[in-house]
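So the structure is just underneath, and the comments pick up after that.
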Amino acid sequence: MAAAAAPAPCPNPWFPMEEGLSLTYRAGRSSELVLATKDVAPAPDGTVKATLAVSLKGRSGQTDLTCDAQGVRTGLGGLEGTLLSASGMDVQVVNAEGAAVPAPSVMVPGGTWKNSLSVKLQPPAKKGGLRPTIATTFDKEATVVGEEEVTVQAGTFKALKIRNITTARASRPGSEGRSMESFMWFAPDVGIVKLTTDGETNLELLKVDRPNAKVKPASIQGGAKKKAVKPTKG
């Protein structure tokens, strides 16, 4: 009996590149973060390209998105670089390796992946002010802990819980890094629904806007065979 074919890497259910999809989060205690996908362009080879627009604290930025066999990659090296772009800092990506979200075959309990981002940062320009350049590298190791139901303001979702160990260090040989543990929850066909660090919630999904469909949090299985469930208010 022939083995079942693996699900296609694109579209990736854990980072849906859907035209007009807008995700609104509470960032920190009171700030609002909006991630909006636009300019989605599928290619004949099965890859998909798009633009991710970011709005945070009245500032905005954007980055390119690419979905391929390795997963979803961003031009700014994942969530860290994308958020930095909307913080007011000038961000120059020196090197980015690995996917922000890996292929669906990796997004299963026990799955692991790594990514790395090296950037040069400068604070916003101010009249007469200094603009020192800060060179930093972020190395992240991620592990899928398992399946978990999570409740946020946007509803209750069946999700995958991801444990991240991120080490930030100055981009110079021999420099020591500082490591931090965080957890993220991904719901299929939605993406990130929650992010915590040291027990504190850094991101919480408040609202999902889709131009042509209602929000349908799905089961944690991913791929083509997913059973949709209606969200309940948390």
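The values are calculated or read from the model by the stated rules, or taken from the named source; none is laboratory data. Quick caveat: nothing in here was measured; it's all calculated off a predicted structure. Every residue, glycine as well, gets a Cβ built from its backbone with ideal geometry; the counts of neighbours run over all protein chains shown. These accessible areas exclude ligands, DNA and RNA; they are computed on the full protein's heavy atoms, side chains included. Shrake-Rupley method; radii C 1.70, N 1.55, O 1.52, S 1.80 Å.
Results, tabulated for the structure shown:
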{"quantity": "Selection count where residues are more than 17 Å from the chain's Cα centre (by Cα) and among the hydrophobic types (A, V, I, L, M, F, W, C), scope the stretch 41-68", "calculated": "2"}
{"quantity": "Residue in the stretch 143-185 that is least open to solvent (accessible area, probe 1.4 Å), counting only those that are outside any strand (DSSP E or B) and at pLDDT below 95", "calculated": "175"}
{"quantity": "Residue check for residue 211: closer than 23 Å to residue 40 by Cβ and more than 16 Å from the chain's Cα centre (by Cα)", "calculated": "yes"}
{"quantity": "Strands (runs of 3 or more DSSP E) (entirely within the stretch 70-139) containing at least 3 residues that are in contact with a Gly (Cβ under 8 Å, 6 or more places away or on another chain) and modelled with pLDDT of 85 or more", "calculated": "112-122"}
{"quantity": "Residue selected from the stretch 50-65 under the condition open to solvent by 80 Å² or more (accessible area, probe 1.4 Å) and touching a Leu at 6+ places or on another chain (Cβ under 9 Å), by the criterion nearest to residue 202 (Cα to Cα)", "calculated": "57"}
{"quantity": "Matching residues in the stretch 186-210 - criterion: being part of a strand (DSSP E or B) and basic (Lys, Arg)", "calculated": "194, 207"}
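Yes or no, residue by residue, for (1) open to solvent by 30 Å² or more (accessible area, probe 1.4 Å); (2) closer than 19 Å to residue 106 by Cα; (3) in contact with a Ser or Thr (Cβ under 9 Å, 6 or more places away or on another chain); (4) of a type outside the set (Val, Ile, Thr):
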| site | (1), (2), (3), (4) |
| --- | --- |
| 10 | no, yes, yes, yes |
| 23 | no, no, yes, yes |
| 26 | yes, no, yes, yes |
| 33 | no, no, yes, yes |
| 37 | no, no, yes, no |
| 42 | yes, no, no, yes |
| 48 | no, yes, yes, no |
| 67 | no, yes, yes, yes |
